[in-house]
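Have a look at the structure below, then the notes.
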Amino acid sequence: MEFENKVALVTGAARGIGASIAKLLSKNGATVAIVDLDEKETINICDEISENSGVALSFSGDVTDSTFINETVNKLNKDFGQIHIL
């Protein structure tokens, strides 16, 4: 699969399945938003993706908080356009 010019938002992406999905999407060309409660780990995953020539952004917060989600989506839309993959 190719995800060039696609923007993905992956929740629970600081570890486990979420981190694996984020890395795979990035490896296949997507810009990836790493979303999780654990700020340190979201930054670590973003750094790992960047070291492998990918583009990733870290968002630390609670996905049950509508204000956090709205701010995250607005930031992604402003900087990268439409979100294609959730």
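What residue among GLY61, GLY16, GLY29 shows peak mean-square fluctuation when the chain is described by a Gaussian network model with Cα springs under 10 Å?
GLY16
Would you grab the residues whose amide H sits under 5 Å from the one on ALA30? Only those 5+ places off in sequence or on another chain, please, with H modelled 1.01 Å from N.
Amide H neighbours of ALA30: PHE3.
What value, in deg cm²/dmol to 500, does the helix sum -39500 (n - 2.57) over DSSP H runs of n ≥ 4 give at 222 nm once divided by the residues of the chain?
Numbers: 3 runs with 40 residues, N = 86.
Calculated from helices alone, the mean residue ellipticity at 222 nm is -15000 deg cm²/dmol.
Out of all DSSP beta bridges with both ends in the chain, state the antiparallel percent to the nearest 5. Present the calculation step by step, with values, prior to reporting the outcome.
On the way: 0 of 12 bridges.
Around 0 percent antiparallel, to the nearest 5.
Does the chain come out rounded, prolate or oblate, given a ≥ b ≥ c as the square roots of the eigenvalues of its C-alpha gyration tensor, rounded meaning a/c under 1.5 and, failing that, prolate meaning a/b above b/c? Don't skip to the answer; put the middle values down first.
Numbers: a/c = 1.75, a/b = 1.16, b/c = 1.51.
Oblate.
Identify the trypsin sites (Lys or Arg not before Pro) of the chain meeting these criteria: DSSP loop state and at most 14 other C-beta atoms within 10 Å of the C-beta. If you can, show how the numbers build up before the last one.
Values: sites: LYS6, ARG15, LYS23, LYS27, LYS40, LYS75, LYS78; in loops: LYS6, ARG15.
Sites meeting the loop and neighbour criteria: ARG15.
Using a Cα-Cα cut-off of under 20 Å, which lysines could be cross-linked to LYS6, ignoring same-chain neighbours fewer than 8 residues away?
LYS23, LYS27, LYS75, LYS78
Each reported figure results from applying straightforward, stated rules to the coordinates on display, with no laboratory input. All of these numbers come straight from a predicted model, not from anything done at the bench. Counting neighbours? That spans all protein chains shown, and the Cβs are built from the backbone with ideal geometry, glycine included.
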